[in-house]
1. Within the range 500-597, list the trypsin sites (Lys or Arg not before Pro) lying in a DSSP loop whose Cβ has at most 12 other Cβ atoms in a 10 Å radius.
2. Among the GluC sites (Glu not before Pro) in the range 575-628, which ones are in a DSSP loop with at most 12 other Cβ atoms within 10 Å of the Cβ? Mind listing them?
3. Only loop residues by DSSP count here, and only those with at most 16 other Cβ atoms within 10 Å; note down the chymotrypsin sites (Phe, Trp or Tyr not before Pro) in the range 740-770 that meet that.
4. Among the listed pairs K93/K250; K506/K617; K200/K565; K484/K522; K80/K777, which have their C-alpha atoms separated by more than 30 angstrom in this model?
5. Fewest to most neighbouring Cβ within 10 Å: what's the order for E644, E688?
6. Taking 7 Å along the Cα-to-C-beta vector as the label spot, tell me the R595-S534 distance in nanometres, rounded to one decimal.
7. Once you put a point 7 Å from the Cα of Q136 and another 7 Å from the Cα of K274, both along the Cβ direction, what distance in nm separates them?
8. Once each part is reduced to its C-alpha centroid, what is the distance from the range 573-624 to the range 639-691 in angstrom?
Amino acid sequence: MEFTRRYLPMEWEERWRKEKERRKKVIDEGGEEFERESRRLTWIRAYNDSRMGMKENKVNKNERGIQETENKWNDEIETKKFTKDSYPTEIFKAMEKLRCCSVLTDLILSVEHGFVVHAHSVVLAAVSTRIQQMLQQRNEKNESEICLHLGPEVCYVGLSAVLEFAYSGKIAGLNNNSLAQIQAAALHLGVSRVLELCKKEEEGESKKNEEKEMKKMNGKEHRKLNLQSIRQLWAEKVGCDVELEAQGRKFHAHRVILSASSDYFHAMFSSGMKETHQTSVSLLLVGAPELEALLHCCYSGHLFLDWGCIFELTIAALQFQFQPALSLCLSYLEQQMDVHNCLDVAAFAEAYMLGDLFETAEDFILMHFQEVMATPMFLELPAEKLLNLLRRDALCVPSELSVFRAVVAWIEADPEQRLSQAQEVMTGVRFPLMTFREFREVRAVNLQMECRGNEDVYLYHTALKEFGFGDSSQVVQHRIRYPKDVLVVVGGDQLNPDDGQRLPSKQLWFANSMRSGTGLVKDMEWRMLGEMPSRARFRHGISILDGKLYVAGGCHYYSKTDTMKSAYRYDPINNSWKRLSDMQEHRSNFTMVVREDSLYAIGGDKDISTNLDSVEKYSVETDTWSLAHSLDQPLSGHAAVVWEGEIFISGGFNLKYQCLVSMFLYHPERGTTYLSDMAHDRAQHCMESLAKCFYVAGGVCNLREFYTDQLSCESYDPRSDMWTAFTPLPLCHVGAASAVLEGKLYVLGGYSQEDYSEARLVHRYDPGNKRWENMGKMAGPVTDIRACLLHLPVQLRRSDRLKAM
């Protein structure tokens with residue numbers, strides 16, 4: 001067996017040997033503050049052991065393969081920059097809190113009439129040239145505080161405005177009445193950016209009715225600039241008042257920055273510990289590279305991460321309670337997790353009691369069990385860990401035969417040690433869920449297990465007993481998975497040859513669980529979430545923004561006056577609806593997407609015979625719809641996705657209601673840019689972003705003067721602007737809904753254009769095996785529906801009042 005893991009390089013073993021002697025002394029001292037280091041020793045040693053192999057025969061057998069893999073890993077390792085966008089806001093809020101409590105303030109500013117203000121010199125130096133000069137002089141004189149009495153031209157109002165700008169990036173009280181006072185303070189302290197704001201106010205460029213969004217944006221940008229200035233001061237060692245030492249290397253820093261970003265240093269510098277008055281602090285439990293990275297994160301809000309450093313950095317961030325850095329590390333582990341490293345992440349999270357990360361990693365393992373079982377790390381799992389996974393209802397496998405094959409592979413990896421555990425581990429296989437054809441493979445394996453007492457026990461005999469006389473309880477009969485985010489189906493229509501019997505829906509349904517039964521039989525448990533507060537609707541638009549569901553437009557029926565422009569928002573936390581402002585246009589058969597915290601309603605039908613080229617943007621903060629750049633032609637029945645902040649639109653009906661082959665990029669300010677055409681024309685179809693490609697499926701296509709079902713499917717790579725065909729749909733889905741759940745494409749409901757029969761089935765496409773699966777049937781309406789992923793509170797998913805189907 002060759003190890004193919006792409007992380008935790010062999011250099012760690014050498015690095016660990018170098019640190020062993022130094023850390024042994026630390027561990028031997030004992031005490032609560034060294035428990036984390038002890039646990040760190042145990043975890044890293046365990047991973048080095050699992051990587052190198054503890055048994056001599058395995059080491060000899062795999063030595064060459066491991067070395068080749070390590071060389072390949074060194075070539076392929078990819079470092080990613082992870083940034084916390086909200087960090088400038090968070091760090092300045094934390095420093096403002098310290099200032100209000102007079103913690104670590106080293107700058108005393110006084111004005112006439114006895115007003116005195118305490119602040120942090122490095123924060124003021126980030127905006128004030130005068131304070132920066134004084135800070136540089138303080139470094140030379142080795143003073144601890146700066147005291148500055150401002151002249152009579154500076155008043156308390158002006159000084160407070162400058163302080164507010166330094167800590168928040170904005171000045172709430174800037175107006176004609178305070179303008180002169182703020183200008184005087186900014187001029188005296190050399191705060192050029194405040195002078196620019198004053199100039200704009202004086203010239204009338206800063207309107208009283210300026211949008212709140214613009215004010216927030218300006219404050220955010222100024223906070224970024226303030227942090228950049230502090231980072232420059234740190235690079236030049238200006239105002240640094242503490243020296244940290246790790247592994248013989250020394251790093252300069254500002255106490256206030258450390259305290260604002262680390263609970264550990266906050267306690268160290270403000271609780272009267274001896275380090276409070278020391279100019280140099282030795283840190284025994286962290287490596288120099290990790291400390292350097294954490295300091296860079298303190299001053300920038302970003303980390304450069306890869307699998308060679310992530311575990312050490314996470315440990316250091318935990319140890320010193322650097323919350324911003326820890327959140328970035330955890331984000332990396334969650335986002336970069338794959339089938340090759342998920343078991344390592346789970347073990348790491350369990351060792352360090354990172355509950356959320358452990359839950360995410362375990363969920364990933366259960367969801368991708370078919371791929372995880374093929375990795376070398378899977379074969380190294382302890383028996384109890386493997387059995388715990390096998391017994392979980394949420395284990396995602398195509399059939400129970402896959403579980404059996406996984407156990408056989410695990411046993412055969414070390415039969416000498418594991419045959420005695422085989423019978424117990426096999427209890428995790430639910431043999432009653434197998435078909436007779438699948439059970440033939442169990443019989444063919446006929447694996448002999450050795451038990452105590454030298455008695456021979458045959459797996460087939462045990463499996464046959466379970467297969468023929470198995471428990472009929474619900475646990476045995478199904479593998480049941482409850483996705484964290486659920487598929488929610490909103491509104492829709494029910495087809496009926498008699499138009500008078502057609503019934504549009506107000507209902508919301510969600511798929512609470514996915515069930516795997518005997519063989520390949522699958523089913524979905526549908527529950528009703530509730531109803532929309534207004535009239536029933538179909539061919540509407542929906543989007544998810546900040547965990548809330550937005551519903552707009554659509555049709556109530558089929559006459560010209562039945563197209564709607566009303567909009568609503570559903571909050572799952574409060575289980576409540578709110579009426580929003582109406583769109584400017586009546587729209588149905590359109591798309592609604594989220595881009596940069598705004599909703600965009602694109603094209604659609606104005607009535608039963610007229611489609612639109614207009615696009616509307618919805619601002620959540622102002623609850624208003626405004627017109628954006630129009631499409632270059634009227635369009636309806638199209639599909640759209642947002643990828644890397646850009647809106648891509650495929651197919652649809654043109655002005656003459658012909659199906660299109662087009663794919664284009666739409667920008668709210670620049671308009672339309674056409675890309676490569678699809679191979680097949682289509683409208684009323686689905687398009688979803690999955691694995692860096694767009695998957696297009698279903699809909700109708702042109703057939704002379706009529707339409708017919710479009711079963712062909714194709715995927716688009718936005719990086720190469722190329723289309724590729726993939727497995728056709730097993731049956732037609734016109735006017736269906738779609739969503740991506742757990743790395744797979746779901747196409748829900750719809751109808752057939754040929755005979756107008758409803759397509760009540762749900763099909764799922766797995767890019768891994770390139771196959772469509774029948775996942776079961778829909779509940780409620782199935783045509784002209786819309787679907788999304790929504791995170792529902794536990795009380796809504798488990799509530800007895802919800803109707804199950």
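1. On the way: sites: R502, K506, R515, K522, R527, R535, R537, R539, K548, K560, K565, R569, K578, R579, R587, R595; in loops: R502, K506, R535, R537, R539, K565, R587.
Listed in order of number, the matching sites amount to none.
2. Working: sites: E585, E596, E616, E621; in loops: E585, E596, E621.
Here the GluC sites (Glu not before Pro) that fit, given the DSSP loop and packing criteria, are E596, E621.
3. On the way: sites: Y746, Y751, Y756, Y765; in loops: Y756.
In loop regions of the range 740-770 (DSSP not H, G, I, E or B), the sparsely surrounded chymotrypsin sites (Phe, Trp or Tyr not before Pro) are Y756.
4. Pairs exceeding 30 Å: K200/K565; K80/K777.
5. Details: E644 9, E688 18.
Fewest-to-most ranking of E644, E688: E644, E688.
6. Output for this residue pair reads 2.4 nm.
7. The modelled label-to-label distance comes out at 3.7 nm.
8. When both Cα centres are located, 18 Å separates them.
Read-outs: derived from the displayed coordinates by stated rules, not from any lab. Not measured: the values here are computed from a predicted model. We place every Cβ from the backbone using ideal geometry, glycine too, and count neighbours over all the protein chains shown.
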